[in-house]
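These notes are about the structure you will find just below.
Throughout, read-outs are computed from the coordinates displayed, never taken from laboratory work. Please read these numbers as outputs of a predicted model, since none were measured by experiment. Here the Cβ positions follow ideal geometry from the backbone for every residue, glycine too, while neighbour counts run over all protein chains shown.
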Amino acid sequence: MTEARTTIFLVDDDVGVLKALTILFDASGYDVQPFSSPREFLSRHDASLPGCAVFDVSMPGLDGLELQEALTGEHHERPVVFITGVGDIPTSVRAMRAGAVDFLTKPVSDGELLDAVERATRQDAEVRKSRRELESINARLARLSPREREVLTHVVAGRLTKQIAYDLGTVLNTIKVHRGRIMRKLGVSSIADLVRLAERAGIQPPSRLPAGLPDDIEPKTN
């Protein structure tokens with residue numbers, strides 16, 4: 001039983017199988033959206049709902065693998081569990097390479113299928129959590145001024161405060177102020193956390209940096 005009712009998108013052209021699996025998933029605590037054809041699923045699939053998909057492999061029109069490809073083509077990261085009456089190695093390899101969570105051959109036990117669905121829904125939850133975290137990071141990064149963003153790239157490059165001041169031709173205290181504002185806006189309390197957050201957002205250090213602060217030159221402090 002899941003803690004929160006997530007959705008299983010079930011696609012199978014066999015009405016009897018569709019009904020039986022709908023009852024199984026519903027009894028196990030999931031919301032179920034059953035579809036008797038791939039086209040119906042594609043027209044009604046709601047990517048905002050957390051959960052996974054369970055596809056039969058052999059279906060008229062689009063088969064299960066083609067349906068998976070169509071879903072991916074629409075940029076939906078829906079985890080998929082395949083079930084098939086006749087499994088073969090090339091088909092299962094193709095499915096797994098395309099990102100399927102599992103490839104099960106009928107007759108499949110209820111426990112085996114539910115285990116696969118649990119893994120798939122857990123994967124979906126992790127992806128959604130990661131996406132929300134990245135969206136939050138990007139929203140905070142959008143609050144930075146262009147100069148603060150520039151200073152951040154130098155911090156990511158591992159430059160010391162005095163080196164950044166020298167690189168940007170400004171005074172040491174100004175860089176300290178920028179760095180403090182950056183950390184407040186991004187909600188971090190250490191340089192290590194700041195660097196990790198920036199790397200998570202894909203922020204790259206400048207392609208070219210000065211060789212270093214000459215020994216006989218100190219950055220201006222005011």
Exercise for review: Below 30 Å Cα-Cα, how many Lys pairs turn up in the chain? Only count pairs eight or more apart in sequence, or on different chains, if you could.
Suggested key: 8
Practice item. Specify the inter-centroid distance of the stretch 49-79 and the stretch 149-207, based on alpha-carbon positions, in whole Å. Key: 43
Review point. If the label point is 7 Å along Cα→Cβ of Val15, which residues in the stretch 44-78 have backbone nitrogen under 18 Å from it?
Key: 59-60
Revision key, fill the gap. Helix-only [θ] at 222 nm, the chain, -39500 (n - 2.57) per DSSP H run of 4+, per residue, nearest 500, equals -16500 deg cm²/dmol
Revision key, fill the gap. Options (1) -0.27, -0.87, -1.34; (2) -0.39, -1.00, -1.25; (3) -0.48, -0.81, -1.05 are given for log10 I(q)/I(0) by the Debye sum over Cα atoms at q = 0.08, 0.14, 0.17 Å⁻¹, and the computed one is (3)
Exercise for review: List every residue whose amide H lies under 5 Å from the amide H of Met59, counting only residues 5 or more places away in sequence or on a different chain, with H placed 1.01 Å from N in the peptide plane.
Suggested key: Gly64
Check your understanding: Where does each of 102-115, 133-146 land if you order them by average Cβ count within 10 Å, highest first?
Key -> 102-115, 133-146
Exercise for review: Kindly put His154, His45, His178 in sequence by how many other C-beta atoms sit within 10 Å of each C-beta, fewest to most.
Suggested key: His45, His154, His178
Review point. Residue by residue through the stretch 67-83, which ³J(HN,Hα) values in whole Hz follow from phi under the Karplus form 6.51 cos²θ - 1.76 cosθ + 1.60 (θ = phi - 60°), with glycine and proline marked x?
Key: 5, 4, 5, 5, 5, 5, x, 8, 6, 9, 8, 7, x, 10, 10, 9, 10
Practice item. Give the long-range amide H neighbours of Val32: residues separated by 5 or more places, or on another chain, with amide H under 5 Å away, using H modelled in the peptide plane at 1.01 Å from N. Key: Ile8
Study note, to complete from the structure: Once His76 and Glu112 are pulled to full extension, the length gained, defined as 0.36 nm per residue separation minus their Cα-Cα distance, is 10.4 nm
Review point. Residue by residue, what Karplus-based ³J(HN,Hα) values in Hz, rounded to whole numbers, does the stretch 118-134 have, using 6.51, -1.76 and 1.60 with θ = phi - 60° and x for Gly and Pro?
Key: 5, 5, 5, 5, 5, 4, 4, 5, 5, 5, 5, 5, 4, 5, 5, 4, 5
